[in-house]
Amino acid sequence: MTIQEKLAILREKMKENNMDIYMIPTADFHQSEYVGEYFKARSYMSGFTGSAGTLVVTLTEAGLWTDGRYFIQAEQQLAGSTITLYRMSEEGVPTVKEFVEDKLPQGGVIGFDGRVLSSADGAAYAKIAEKKQSSLSVAKDLVNEIWTDRPQLPTEKVWILTDEYSGETTASKLGRIREVMKEKGAQAHLISSLYDIAWILNLRGNDISHVPVFLSFLLIEEDACKLFIHAETLTDEVRAYLADNDITVCAYDEIYDAAEKIAADKVMLMDEHTINYRIRMALPEGLKVVDNLNPSERMKAIKNETELKNTRIAHLKDGVAVTKFMYWLKTHVGKEYITEYTAGKYLDSLRAEQEHFLDLSFDNISAYGANAAMMHYSAKEETAAELKPEGFLLVDSGGHYYEGTTDITRTFVLGPLTDKQKLHFTTVCRSNLNLADAKFLYGCSGLNLDILSRGPLWQMGIDYKCGTGHGVGHILNVHEGPNGFRWRVVAERNDSGRLEEGMITTD
């Protein structure tokens, strides 16, 4: 089926359900940054395969919103689809919410699967609907009715990250979280973020490619803790481990019934930017909700001594792989047929040779020449550019090891360069060094420091369309908040938090 045919079927289903607008974000039921194959509905319906974007379909038009990392890729992949590309954060470009409000007719209906939009976003669209005497329809996943060969939900086995690698027991982490709950006056804390759940429980999985997490929800109460998870993912060892930590196992889909049954006189602590809208709507009326970042978000960002020591070991191993790759590249380019794809695969194999290697931390981005302008470019074997003894090869790559996670970006000079290339390369080098050498006062965030890196480029009237750096998870998502380097607040990135000793942030 072509994209146009899929959109035509979707519009018929919208009419059947009296919907005027249907929204398809890039999201799973947990607002994860990267999603498993089952959840790639936006990619299926639009043809755009980048990791971030929202598709909005009305009865007469369609638009896709994505950020600067993907402008070039999205323009190429949307060609001929009848979907308009909206370049997020560019001057004069409406936000998704502004577009929906503008296109929604009086008395109309906004539709979306309430499990893949956050509680905060759902509430914002409810307000838009209220303004126009309209309503929301959140119970149907219309894409599921079109996507006949949709992959199954993943159910990979869960495994234990032992104390020698985690540096803190689950009992200790639960104790610290309950202290914060007490401070906030909350008797219950509902967690949807897969990274937080994995960190709290010292468990890892394989339900998202290169992100070692498992589909689950966690409900922490004063004297109880429930994990909602697919039963088939648990080995006898993991079940015994959970029992030892007084954690009750419940079925994954039972979370919605459990939400309904929470006593209305309790106070619930939760992050409405990660809890999905369907769960929020299931909570009893009258229940007081304290909307706050999960306490575990900041806790896991501040690495303990074990994590810091182990991360340095992981970087040594990773550095060996990258150095071997650099030597191979410099001695073989121009002498044999190498493409950006085969070069990337060779680096992957060098990482895999390292002791305690678990997985890549994201798909290798190996981009030669003009392809490097696409920040999240993915080389395909059949169309990859051949490496010549000239110009630049950009490689953005990383690995998960038992000791920690790496994310390394390197630009390799393969031969003669133009004066402009030399100038830009050297300016970026100055930018990196400025930030790496920064001394700053406690209380700063990456927003305060980003200018040190971006400044030399701005002086030349040029820029890059992404953040400068991000927090790195410990055998978790390679992009982690609340720390990061960025020149402006991007709410959905949640990386403008105060920098603390122990945080690991890329430059």
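So if I check each of Gly319, Gly334, Gly344, which one is at positive phi and not hydrophobic (A, V, I, L, M, F, W, C)? Before you say what the answer is, go through the steps one by one.
Working: Gly319 fails: at positive phi; Gly344 fails: at positive phi.
The unique qualifying residue is Gly334.
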Inset, instruction - Being open to solvent by 10 Å² or more (accessible area, probe 1.4 Å) and of a type in the set (D, E, K, R) is the filter here, so list the residues in the stretch 20-41 that pass it. - result: Asp20, Glu33, Glu37, Lys40
Inset, instruction - Grab the helices (runs of 4 or more DSSP H) fully contained in the stretch 136-199, keeping just those with 3 or more residues being basic (Lys, Arg) and open to solvent by 10 Å² or more (accessible area, probe 1.4 Å). - result: 170-184
Inset, instruction - Kindly check whether there is at least one residue in the stretch 392-400 that is among the hydroxyl-bearing types (Ser, Thr, Tyr), under 23 Å from Lys330 (Cβ atoms), modelled with pLDDT of 95 or more and not in a strand (DSSP E or B). - result: no
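What's the total number of residues in the stretch 482-495 that are assigned to a loop (DSSP other than H, G, I, E, B) and surrounded by fewer than 19 Cβ atoms within 10 Å (Cβ to Cβ)?
So in the stretch 482-495, the residues assigned to a loop (DSSP other than H, G, I, E, B) come out as 486-490, 494-495.
Still in the list and also surrounded by fewer than 19 Cβ atoms within 10 Å (Cβ to Cβ): 487-490.
Residues that pass the stated criteria total 4.
Which one of Thr58, Thr84 is β-branched (Val, Ile, Thr) and either closer than 30 Å to Met268 by Cβ or in contact with a Gly (Cβ under 8 Å, 6 or more places away or on another chain) (or both)?
Working: Thr58 fails: either closer than 30 Å to Met268 by Cβ or in contact with a Gly (Cβ under 8 Å, 6 or more places away or on another chain) (or both).
Of Thr58, Thr84, the one residue that is β-branched (Val, Ile, Thr) and either closer than 30 Å to Met268 by Cβ or in contact with a Gly (Cβ under 8 Å, 6 or more places away or on another chain) (or both) is Thr84.
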Inset, instruction - Tell me which residues, restricted to the stretch 46-65, are of a type in the set (A, V, I, L, M, F, W, C) and over 20 Å from Leu104 (Cβ atoms). - result: Phe48, Ala52
Inset, instruction - Please go through the stretch 431-477 and pick out each residue that is among the basic types (Lys, Arg), farther than 17 Å from Asp396 by Cβ and surrounded by 14 or more Cβ atoms within 10 Å (Cβ to Cβ). - result: Arg454
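Could you identify the single residue in Ser349, Ser397 that is free of Cβ contacts under 8 Å to residues at least 24 places away in the same chain and either open to solvent by less than 30 Å² (accessible area, probe 1.4 Å) or under 23 Å from Gly205 (Cα atoms) (or both)?
Values: Ser397 fails: free of Cβ contacts under 8 Å to residues at least 24 places away in the same chain.
One residue alone meets the criteria, Ser349.
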Legend entry - Near pairs, Cβ below 7 angstrom, 6+ apart or cross-chain, from the stretch 233-247 (surrounded by 14 or more Cβ atoms within 10 Å (Cβ to Cβ)) to any residue that is in a helix (DSSP H, G or I) and of a type in the set (Ser, Thr, Tyr): Asn245/Thr170
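The values are calculated or read from the model by the stated rules, or taken from the named source; none is laboratory data. Given the structure is predicted, the values throughout are model-derived calculations rather than measurements. In this analysis, Cβ positions are derived from the backbone assuming ideal geometry, glycine residues included, and neighbour counts consider all displayed protein chains. These accessible areas exclude ligands, DNA and RNA; they are computed on the full protein's heavy atoms, side chains included. Shrake-Rupley method; radii C 1.70, N 1.55, O 1.52, S 1.80 Å.
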